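The values are calculated or read from the model by the stated rules, or taken from the named source; none is laboratory data. If you're wondering where the values come from, they're calculated on a predicted model, not measured in any experiment. Glycine gets a Cβ as well: all are built from the backbone with ideal geometry, and neighbour counts include every protein chain shown. Side chains included, ligands, DNA and RNA excluded: accessible areas come from the protein's heavy atoms. Shrake-Rupley method; radii C 1.70, N 1.55, O 1.52, S 1.80 Å.
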Amino acid sequence: MEFETRHAVAIVAITRPGVDRARTLLAGLPDSRLYIPEKLYRGESDPVRALSEDAPAVERFSQPLAEKLGMLFNSRDGLVLFMALGAAFRLLSPHLRDKRTDPAVVVVDDKGKFAISALSGHRGGANDLARRVADILGGRAVITTASDVGGTLNLDLLGKQWGWQIEDERHLTAASAALVNGSPVAIFQDAGEIAWMPSAGHASPAGSEVSTQNIKFVSRLEEMADAQFSARIVISDRLLPARYDDLAAKAIIYRPKSLIIGVGCRRGTPEQEIEALARRVFEEAGLSFRCIRRVASMDIKKHEPGLLEFAHKLGVPAEFFTRQELDVVRGAPAVCEPASLLSAMRDPSCGEPELIVTKRKTNRVTIAVTRIHPISEAAVRGKLYVVGVGPGDIQQMTPAARRALAASDTIVGYRTYLEIISPIIEGKRTVSSGMKAEISRAAEALDLAREGATVSLVSGGDAGIYGMAGLAWELMRQRGWQTGREIDLEVVPGMPALNAAASLLGAPLAHDFAVISLSDLLTSWQTILERLEAAAKADFVVVLYNPKSQRRTQQIVEARNALLRHRPPATPVGVVTNAYRGGQRVAVTDLGHLLDCEIDMLTIVVIGNSSTFAYDGKMVTPRGYPLRERNHEIQALNAKEGSVDPERDAKTDTASCANMASYQE
């Protein structure tokens, strides 16, 4: 569930450790606001006070906590409470109503280890909110709703992403219990999306495959009369005939948005007249008014008040076409039929549209209705995430990357990367391979998605920087596939290795830089040298990927020689291996001593430009702010006081790798 209103999520932290975690959550959760009690403020220099003064989305309150929570409970879509679970329930209990209206409530411990979905897990979206909170804080979502834990069909959320409506909810609780308890349940569907079906291989929100053991899909309503069924579910845009009154009284009826109504009208026709004909047409055709997906007409009607009010009252969009566009499908001079057909044809989820009600008219209004039949392949169309998993440490992985991995059935990747992320993909199907198998990995990931699975194809660092994203798109183009048609493809960014290396070195990339891979497997060495020469001549900071391997030992030597033709040997250089992984090594040296460093395929080398300097064991490239004169004054003052020795610092800053400012973990 998406939270879309103003500061829709209220974050409440009542302890100082809780405030520390809440700050992180506030930064990662859009449309949220943090509330802190006044009693936590201790003085002018207090960091909690500074937080509320510097951040516009932070508010302190002085009223009793119970009173404040009551106000927030009745005005927000979601609450995240950093407190004990029992305390949260005692404070909120006077305000609880029912799951249709209560907001989502997630309770988090002060260390951010657990995000507990406490209230309105399905309808209010607390389960999804708990997962988002856990992703941001690096904790674990605690979900206890039976359908999520048991991997059963969630009737509260069935079809919700497509706008389906439940006609009568009286039997919803009993049907949900039947699914959880394994009692027989019958399902009939003749309209709407079918991607929800467990047979399509879709997973429950908890990540497990939805169980179908106690579900029977029937092709005729008559089959539902069997007394063995504990619950009956109907998904249809048709009104049930009178002979099914007994069934209608027992069944849960979902109304999918499967009908497009084409409308033509004279200028000034009031909304009531359009609606009157539409309702009569739907009743005569045995169709549910709840199933209208869109209103379609000619573009000259886009400012017609009655038509716009009709669409607004239905709560659906209005779509308008030019005369030329309508002529492509028009078989008669009317507007309503071609407009409804064209709107269906342009719907990405629609196969062959079916004109089920031809033109009906009054003196001033014409109506036609087209049914959308989802394409079977589109309905079970899979999803491919190409995920950058960061430099190595799971803590450096983005929340978006974690969400993509959690949503995936299958994880495909280089064996080493899968080992690194193994703690968060436990229980998932994995497909691993070694070096030089990139094409086959990408192809297999695409094929799995084409079969209907949700797949993550992982890359170290960022998938778009020397990663798998480019290859995935190349194969898409080669196959003639398009995202949204054969599969859905989404590239999920990650922290690139160069960013990780730069953070460990200091600030070497604060000005323009060029990134070059020294691997000549896919690019000729001559081209690489030409790029190195150009970057060095233009005074870019240069970042080198893949500098050396067991086979390729001379490339780094030639690269250094090319750079020395344009830069002095004292140019600062940073060398980082295994950034944020076990065996991490970080060194600041100079170009003259670069080859003294231990370098391999897991090393990132950063060569400074003419302005880069080494200081305090770090490497800094100035952005160009006008600080030069002031810096000279500070340096002179510090030298006079003995806190800085320019000659000593110069020796330290240009040390070789044998004596460099470095560390290893």
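Worth a mention:
- Hits in region 603-642 - residues which are farther than 13 Å from Ala570 by Cβ, open to solvent by 70 Å² or more (accessible area, probe 1.4 Å), modelled with pLDDT of 90 or more and assigned to a loop (DSSP other than H, G, I, E, B): Asp616, Arg623
- Test: residue in region 328-339 that is at pLDDT 85 or above and among the charged types (D, E, K, R): yes
- Single residue of region 571-602 satisfying the filter (of a type in the set (Val, Ile, Thr) and in a loop (DSSP other than H, G, I, E, B)) that is surrounded by the fewest Cβ atoms within 10 Å (Cβ to Cβ): Ile599
- Residues satisfying the stated conditions in region 90-143, i.e. surrounded by fewer than 18 Cβ atoms within 10 Å (Cβ to Cβ), assigned to a helix (DSSP H, G or I) and of a type in the set (Val, Ile, Thr): none
- Top-ranked residue of region 466-487 - restricted to ones that are without any contact (Cβ under 8 Å) to a residue 60 or more places away in the chain and in a loop (DSSP other than H, G, I, E, B), ranked as surrounded by the most Cβ atoms within 10 Å (Cβ to Cβ): Trp481
- Of the listed requirements (1) within 30 Å of Tyr625 (Cβ to Cβ); (2) part of a loop (DSSP other than H, G, I, E, B), Ala500 misses just one: (2).
- Any chance Ser456 is touching a residue at least 24 places away in the same chain (Cβ under 8 Å) and open to solvent by 20 Å² or more (accessible area, probe 1.4 Å): no
- Search result, residues across region 384-395 that are surrounded by 19 or more Cβ atoms within 10 Å (Cβ to Cβ) and more than 20 Å from Ile439 (Cα to Cα): Gly390, Pro391, Gly392
- Residue satisfying condition, being open to solvent by 60 Å² or more (accessible area, probe 1.4 Å) and in contact with a strand residue (DSSP E or B) (Cβ under 9 Å, 6 or more places away or on another chain), within set Glu426, Glu444: Glu444
- The conditions of being open to solvent by 40 Å² or more (accessible area, probe 1.4 Å) and touching a helix residue (DSSP H, G or I) at 6+ places or on another chain (Cβ under 8 Å) are met by Ala406.
- Test set (1) over 30 Å from Ala191 (Cβ atoms); (2) open to solvent by less than 10 Å² (accessible area, probe 1.4 Å) - Pro399 fails condition number: (2)
- Total residues in region 542-570 satisfying the condition of being out of contact with any Phe, Trp or Tyr (no Cβ under 9 Å at 6 or more places or on another chain) and part of a strand (DSSP E or B): the figure is 1.
- Residue in region 318-331 that is in contact with a strand residue (DSSP E or B) (Cβ under 6 Å, 6 or more places away or on another chain) and either closer than 15 Å to Ile274 by Cα or among the small types (Gly, Ala, Ser) (or both) present: yes
- Subset of region 228-266 that is touching a Gly at 6+ places or on another chain (Cβ under 9 Å) and charged (D, E, K, R) - its residue that is most open to solvent (accessible area, probe 1.4 Å): Arg238
- Residues being aliphatic (A, V, I, L, M) and either within 19 Å of Glu167 (Cα to Cα) or open to solvent by 10 Å² or more (accessible area, probe 1.4 Å) (or both) - total across region 282-297: 3
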